[in-house]
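The values are calculated or read from the model by the stated rules, or taken from the named source; none is laboratory data. What you are looking at is a predicted structure, and each value in this text was computed from that prediction instead of being measured. Positions of Cβ are backbone-derived with ideal geometry, glycine not excepted, and every protein chain shown enters the neighbour counts.
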């Protein structure tokens with residue numbers, strides 16, 4: 001895999017030199033991270049280190065698409081945005097790529113600041129379940145994102161899914177609601193949201 005190292009101009013458009021990941025020494029800066037070439041893997045920036053995980057599988061992406069379809073008309077009506085797989089700056093030097101966010105802020109943006117994220121969502125897969133349940137939950141809480149939606153499909157046959165909604169409290173996230181099967185997850189802010197768990201599987 002190759003990385004393109006760009007001397008960032010005001011327009012962020014002028015490529016100046018190219019390096020491979022193996023050539024890079026020391027912590028990664030945001031500018032270097034954002035200049036990486038596209039890859040099939042998901043690469044995130046965690047305090048100067050690159051965090052690489054495999055691309056999501058088909059059922060994972062099916063759930064993501066169905067969730068976005070459920071939320072899009074509601075977000076449009078509320079003047080908010082639903083976006084999958086975007087860069088979110090939790091703090092300087094810490095950029096994650098959640099599976100989906102609901103956000104406010106500008107339409108055209110390279111990195112969304114955590115302060116503009118109202119809901120952050122992760123969908124577990126065999127390679128990232130522990131990370132989503134623990135580390136990312138902690139990172140999003142530290143960034144003070146109010147709502148964290150964790151979607152956990154049963155990964156043997158993807159015939160069931162459980163939705164865990166967490167609300168930010170003073171000392172981290174606490175469970176607000178859980179829904180599975182024919183149950184519906186209900187949230188009244190940032191706008192009324194109703195998500196039936198099985199609909200995310202097309203059942």
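Can you tell me which residue is modelled with the lowest pLDDT among those in the range 159-177 that are farther than 11 Å from residue 146 by Cα, surrounded by fewer than 15 Cβ atoms within 10 Å (Cβ to Cβ) and in contact with a strand residue (DSSP E or B) (Cβ under 9 Å, 6 or more places away or on another chain)? Working first, answer last.
Residues of the range 159-177 farther than 11 Å from residue 146 by Cα: 159-164, 171, 175-177.
Going one step further and asking which of them are surrounded by fewer than 15 Cβ atoms within 10 Å (Cβ to Cβ), we end up with 159, 171, 175.
If we keep only those that are in contact with a strand residue (DSSP E or B) (Cβ under 9 Å, 6 or more places away or on another chain) too, we end up with 159, 175.
Numbers: 159: 91, 175: 97.
Looking at the filtered set, the residue picked out is 159.
Do the conditions hold for residue 88, that is, is it in contact with a strand residue (DSSP E or B) (Cβ under 6 Å, 6 or more places away or on another chain), assigned by TED's automatic domain parsing to the domain that holds residue 138, touching a residue at least 24 places away in the same chain (Cβ under 8 Å) and not in a loop (DSSP other than H, G, I, E, B)? Can you show your working first?
Working: in contact with a strand residue (DSSP E or B) (Cβ under 6 Å, 6 or more places away or on another chain): yes; assigned by TED's automatic domain parsing to the domain that holds residue 138: yes; touching a residue at least 24 places away in the same chain (Cβ under 8 Å): yes; not in a loop (DSSP other than H, G, I, E, B): yes.
Yes, satisfied.
Quick check: anything in the range 50-62 in the same structural domain as residue 168 (by TED's automatic domain parsing) and closer than 21 Å to residue 167 by Cβ?
No, there is no match, as no residue in the range 50-62 is in the same structural domain as residue 168 (by TED's automatic domain parsing) and closer than 21 Å to residue 167 by Cβ.
Being under 14 Å from the mean Cα position of the chain (by Cα), at pLDDT below 95 and over 22 Å from residue 104 (Cβ atoms) is true for just one of 134, 129. Which residue is that?
Numbers: 134 fails: under 14 Å from the mean Cα position of the chain (by Cα).
Going through 134, 129 in turn, the sole match is 129.
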